[in-house]
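Following: one structure in structure tokens, then a few remarks.
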Amino acid sequence: MKNKLEAIEHVVERGIFASRWLMAPIYIGLVGGLVLLVISFVQELFHLFAALPAISQTDVILGILSLIDLSLAGNLLLIVIFSGYENFVSKIRTDKHEDSPDWKGNVDFSALKLKLIASIVAISGIHLLKIFMDIEKYQEKNIMWMIIIHVVFVVSGVLLALMDLIAAKSKMFKK
């Protein structure tokens with residue numbers, strides 16, 4: 001009876017472990033999202049160059065901030081794809097490729113959270129900067145809410161970092 005239960009337990013555990021591959025299509029879909037960001041980046045760049053003779057310096061800066069925003073979103077997506085796949089599905093074997101990012105394989109779930117919130121704060125900050133560059137187009141109430149949301153992102157990031165620091169110190173004291 002005990003051997004039969006152990007055999008069932010083994011099958012269940014292998015099934016649960018194999019279920020991690022259900023995440024693979026999600027990461028492939030995120031690669032598709034990265035393609036969409038690239039297309040959007042090229043469109044934005046094309047519009048910026050096409051309008052260049054007739055636009056102001058402020059509009060050029062706003063266009064460049066949009067490009068930076070898309071770049072940060074792409075970086076965020078890559079971090080999620082690489083670290084999510086490696087943490088939850090399987091290691092990515094690049095055969096020591098010279099262009100392999102240094103952080104690949106070293107981003108655990110805690111570091112991923114911090115990288116995500118840092119990217120979100122940066123993206124939010126760029127959106128605020130774009131608003132401040134063209135502030136007369138926005139209502140005071142909307143600006144206030146955008147600032148509040150940005151501050152919430154910043155505070156959330158600081159609290160996440162603090163929680164990770166506390167957790168790391170408590171692990172250190174247990175040893």
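The values are calculated or read from the model by the stated rules, or taken from the named source; none is laboratory data. The model shown is predicted, which means the values in this text are computed figures rather than measured ones. So basically every Cβ, Gly included, is an ideal-geometry build from the backbone, and we count neighbours across all protein chains shown.
Say we look at region 156-170 and pick out the residues that are surrounded by 11 or more Cβ atoms within 10 Å (Cβ to Cβ) and of a type outside the set (A, V, I, L, M); which of these is modelled with the highest pLDDT?
Ser156
Conditions tested, residue by residue: (1) of a type in the set (Phe, Trp, Tyr); (2) surrounded by 13 or more Cβ atoms within 10 Å (Cβ to Cβ).
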| residue | (1), (2) |
| --- | --- |
| Val11 | no, no |
| Gln43 | no, no |
| Phe49 | yes, no |
| Ile68 | no, yes |
| Ile79 | no, yes |
| Lys91 | no, no |
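Given the options Lys130, Lys141, name the one that is over 17 Å from Asp69 (Cα atoms) and either acidic (Asp, Glu) or out of contact with any Gly (no Cβ under 7 Å at 6 or more places or on another chain) (or both). It would help to see each step written out before you state the result.
On the way: Lys130 fails: over 17 Å from Asp69 (Cα atoms).
Unique residue meeting the criteria: Lys141.
From Phe173, Phe153, grab the single residue that is part of a helix (DSSP H, G or I) and surrounded by fewer than 11 Cβ atoms within 10 Å (Cβ to Cβ). Spell out the reasoning first.
Working: Phe153 fails: surrounded by fewer than 11 Cβ atoms within 10 Å (Cβ to Cβ).
Just a single option satisfies the conditions, and that option is Phe173.
So Phe49 ticks every box in (1) more than 24 Å from the chain's Cα centre (by Cα); (2) more than 30 Å from Ile64 (Cβ to Cβ); (3) of a type outside the set (Asp, Glu); (4) modelled with pLDDT of 90 or more but one. Which box is left unticked?
Failed condition: (2).
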